[in-house]
Structure formats: structure tokens, C-alpha cells
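The values are calculated or read from the model by the stated rules, or taken from the named source; none is laboratory data. Here the structure is a predicted model, which means the values were calculated and not measured. All Cβ positions, even for glycine, are placed from backbone atoms using ideal geometry, and neighbour counts span all protein chains on display. We work out accessible area using only protein heavy atoms, side chains counted, and drop any ligands, DNA or RNA first. Shrake-Rupley method; radii C 1.70, N 1.55, O 1.52, S 1.80 Å.
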Amino acid sequence: MTPGASEPTRGLPPEQLPTVSGPLTGTPEAVAVTAPGTAPAGTAPAGEVPPPPRQNVVIKEMLRSNWVTTILAIVAAMIVGGILMAVTDEDVRAASVYFFARPGDTFVAIWNSVYGGYEALFRGAIYNPRAPDFLTQIRPLTNTLGFAAPLIAAGLGVALAFRVGLFNIGGRGQMLIAAAVAALVTFNLDLPMFIHLPLTLAAGIAGGAIWGGIVGVLKARTGAHEVILTIMLNYVAFYLVAWMVRTPGLLQRAAEDQPISDPTPPSAQFPDLLGPRFPLLDWGFVIVIAATVFVWWLVERSSLGFRLRAVGENPHAARAAGISVQRMYIYAMLFAGGLAGLAAMNQIQGSVTSGFDGYIDAGIGFDAITVALLGRSRAWGVFAAGILFGALKAGSFTMQASQDIPTDIVLVVQSLIVLFIAAPPLVRTIFFLPKTDAEKAAKARAKAAKKAVAA
């Protein structure tokens, strides 16, 4: 450019200067000079920040979603579980003694420990490539589904109560009473399978629903807290069933002194779903799938579900809208208890048919709380969470048998999953995820309050 080429514009105010265009400015060169005080077409006005690209907004919302947080919580728990496997492994400890002399041995031992543990978990829960034939190779997957069935059923009961604002931790008591009612009503009957099996199933579901309904009625009529009620009824159910299996003429097995019930009649047992080669997977899993569909429809699509969710969101607003909050509490606990009863029926009609005692729940009533939390109290989320926990349970036995890893490691992983699920900000901090608007607002309020105190 020759000297003086810019003299025609020298001294003009900024608003009268022509717009700059070109490949480095992001503005096409063909854009004409705009009128003074206006912004070029396609650009943000002066002093304003242009909006972010659409794909950035989509990625940010995806990273903020509950599904991403849940998956990363599981990943974080697995990482911590791998660290525990390495720390407790004898080869790792032996190699760490001479770490500074030969550090490679320690890293190889750590890899072998962690990889071997999770590979054994996969072989025991999903697919076993070492088996001689295909049907044996997929047996671990059927074991996972069999272990998951009662977890899903009980988890649905807890999740449904969560959606109504109730904390149902009485799954154990509801399962025990369901098993006892089913045994008292149907175990001594001689009926064909097409009558005996559904009758036993219905009796168990009804027993669990009645035990859960007691909590709903007391909550609705007296205002007693459901946590206290369910804890106390758990103890009542346990000692009641323990007494019944020790008392001849009630649940105690005939001609024996052991505190155990009669075995489940063959005509009341769930048939195998895929044949005798897969003994842990029976038709109870199909019934659990149907229960999942029913709970999804009930909560998300029915008018009763709308009222239940309204009470869970704000009982005062629901009452002002004409919804009977007390009635919704009763309905919620009836459904929750019935689903726990379905879990009990998966136990005594499927997994444990040789007789039961006061420990027939096998911890499922409390594990259901974890499953409901991991599934975000949504029907299909609970279904997926139940399968995950069923896989952890099925794979833990292979881990212990082939790698000598204690099954308690799996329990630690389950506990860590709950910990991370209950603390989404912790997961976002660990993996550097964007904060939600609520978290940003809370941080801004905390800063404002700090400044106010300092002033």
C-alpha cells in the first residue's frame, strides 16, 4: 500500500469506518458496507458475545445428562475396585518389595491382577470363551439374568415409592411376609400347574402388598414416617417368619425339627425358560419384564401415575389441586409391597425351591434400594441397574474361584457406585464435566454470601 492510501478514512469516527471483511474476519468479502451504527449481516451486534455453535450446546447438555453421570460413576467405581484388587494381590505385594530395582515386575503384576479379575468377572457374568460349546459359553449370561430378576422386581417397588416421595426400605419384610403367605395358602394344595403356579404367585404378591399397605395406611392416617415404620416392620416380619418355620403345623417342615419350610411343590415352580442347561433362568424373568412394562405404564402414562408423581413432586400443590395425598400414599405402598412380593416369588418359585427360612430375602430387599438409586427411579433404568448388579453377583463367584479375589471386592464396587451416584458433583469434578445450571447458581449464591459476610 502506498503512503497516503488510507488518508480518506483518517480521522473518521469508528462508527463511520467501513466494515472489514476477508477470510480472517469470518465475514465474506462480498458483504457490502453497512450503514453507520448497524452490524453486518450474520454477525453479533457490537459489544455482544455471539452464541455458541449448536454442536457445542448439544455436547454440553449430553455431558450434563444423568446417563453420562451414571456411566462415569460405574467407571469410577470399577477403577477403585481395580486398585483394591491390585493392593490385595499377593503377587503385587511381592513385586513391590523390589520396585526400585525392577519396577516392570510390579506393573506387570498389577496388570495381571486387575485384568485377570475383570476378565474373570466377564467370564462369570456375560460370556465364557473357555467353555467347550456355545450353550455352555452363554450360560453366564443366563445366570446374570436369573440373579437380576428378584433385584429388578424389588427395585421397581422401591423406585415407585421414591416417585411418590416415600422412602421404602421395607423390602425385606415385604418379601418375608410374601413368602410366608404363599407357603401357608398354597404349599399344601394338590393342583395342576396351570392353577397352582399362578395361585402361588398371586398369593405372594398379595402378601407383600398387604405388608406394604400397612405402612401406607399408617403414613396416611397418622403421619408416621415411613422409614421408621418399614424398619420396625422388617424386624416384625423376620421374627414372625422365624417363629413360624420353628412351629409345627405352621411353616415347619413335617417330621423334621429344623427351622425350615416345606419345599416348593413342583407344580408351583417356574419352568426353565431355555431348558435344564440354564437352571437359573426361568419364566420368572419374563414376569419381571412384564412387571417393568406395567410400572412404566402406570407411572409415566396412566392418570393414576400422574397423581402419584404430582404427590411426589409437591404434596401441598397436589392437595390444592384436589388430589387425595393420603390415598396416593396407600396406593404407592400397595404397589411397592406387591413388587417386593414378586421378588420373593422369584426366590421360592425359582431360585430356592428346597424350603426357606427367615433369610430367604438374601439381602435383596436392601440391594433394591441401590438398584433404584442407580436406575434413577425410572422403570427401565431400574431394569438395567438390576441386570448390572446381577452380573456383578454372577461374576463374583468366578472371580473368587479362578483369581482368588474375595467377593467382598464386588460389594465394595456396588457401594462405590451408590456413593458416586448420590454425589453427581463429585463425578463431574473427577471427570472435568461441565457443571449444571443449578450447581452454577449454588456456587454463585455461595460467593455472594461470602462477600456479604466479608463486607
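Contact map, segment 402-431: residues that are in contact (Cβ under 8 Å) with a residue 24 or more places away in the chain and under 20 Å from N112 (Cβ atoms) paired with residues that are open to solvent by 40 Å² or more (accessible area, probe 1.4 Å) and not in a loop (DSSP other than H, G, I, E, B), Cβ distance under 6 Å, separation 6+ or inter-chain. Pairs shown: I409/L84.
Could you tell me whether F107 is outside any helix (DSSP H, G or I) and without any contact (Cβ under 8 Å) to a residue 60 or more places away in the chain? For F107, the condition - outside any helix (DSSP H, G or I) and without any contact (Cβ under 8 Å) to a residue 60 or more places away in the chain - is not met.
Listed here are the residues, each with its yes/no results for (1) open to solvent by 40 Å² or more (accessible area, probe 1.4 Å); (2) under 25 Å from P140 (Cα atoms); (3) polar (S, T, N, Q).
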position: M85; (1), (2), (3): no, yes, no
position: A95; (1), (2), (3): no, no, no
position: A101; (1), (2), (3): yes, no, no
position: T106; (1), (2), (3): no, no, yes
position: I110; (1), (2), (3): yes, no, no
position: F122; (1), (2), (3): yes, yes, no
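Confirm whether L334 is modelled with pLDDT of 90 or more and either open to solvent by 10 Å² or more (accessible area, probe 1.4 Å) or at positive phi (or both). So L334 fits the description; yes. Every condition in (1) surrounded by fewer than 24 Cβ atoms within 10 Å (Cβ to Cβ); (2) farther than 30 Å from I260 by Cβ holds for G375 except the one numbered (1). Checked against (1) within 18 Å of the chain's Cα centre (by Cα); (2) assigned to a helix (DSSP H, G or I); (3) not basic (K, R), A344 passes all but a single condition, namely (1). When T136, T144 are screened for being among the hydroxyl-bearing types (S, T, Y) and either under 29 Å from M175 (Cβ atoms) or under 19 Å from the mean Cα position of the chain (by Cα) (or both), only T144 passes.
Condition check ((1) within 30 Å of A161 (Cα to Cα); (2) of a type in the set (V, I, T)) across all residues:
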| site | (1), (2) |
| --- | --- |
| M232 | yes, no |
| A237 | yes, no |
| V245 | no, yes |
| Q252 | no, no |
| D257 | no, no |
| S261 | no, no |
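The residue pairs whose first member lies in segment 60-78 and is more than 14 Å from A423 (Cα to Cα), whose second member is aromatic (F, W, Y) and in a helix (DSSP H, G or I), and whose beta carbons are closer than 8 Å, counting only pairs six or more residues apart or on different chains, are M78/Y118. Just one of the listed residues (F294, F306, F270) is of a type in the set (F, W, Y) and crowded, with 20+ Cβ neighbours inside 10 Å, and it is F270. The helices (runs of 4 or more DSSP H) falling completely within segment 124-195 that include 1 or more residues that are closer than 30 Å to Q403 by Cβ, in contact (Cβ under 8 Å) with a residue 60 or more places away in the chain and open to solvent by 10 Å² or more (accessible area, probe 1.4 Å) map to 134-137, 139-163.
This table checks each residue for (1) surrounded by fewer than 16 Cβ atoms within 10 Å (Cβ to Cβ); (2) aliphatic (A, V, I, L, M); (3) in contact (Cβ under 8 Å) with a residue 60 or more places away in the chain.
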{"residue": "G208", "(1), (2), (3)": "no, no, yes"}
{"residue": "T222", "(1), (2), (3)": "yes, no, no"}
{"residue": "H225", "(1), (2), (3)": "yes, no, no"}
{"residue": "A242", "(1), (2), (3)": "no, yes, yes"}
{"residue": "R246", "(1), (2), (3)": "no, no, no"}
{"residue": "Q252", "(1), (2), (3)": "no, no, no"}
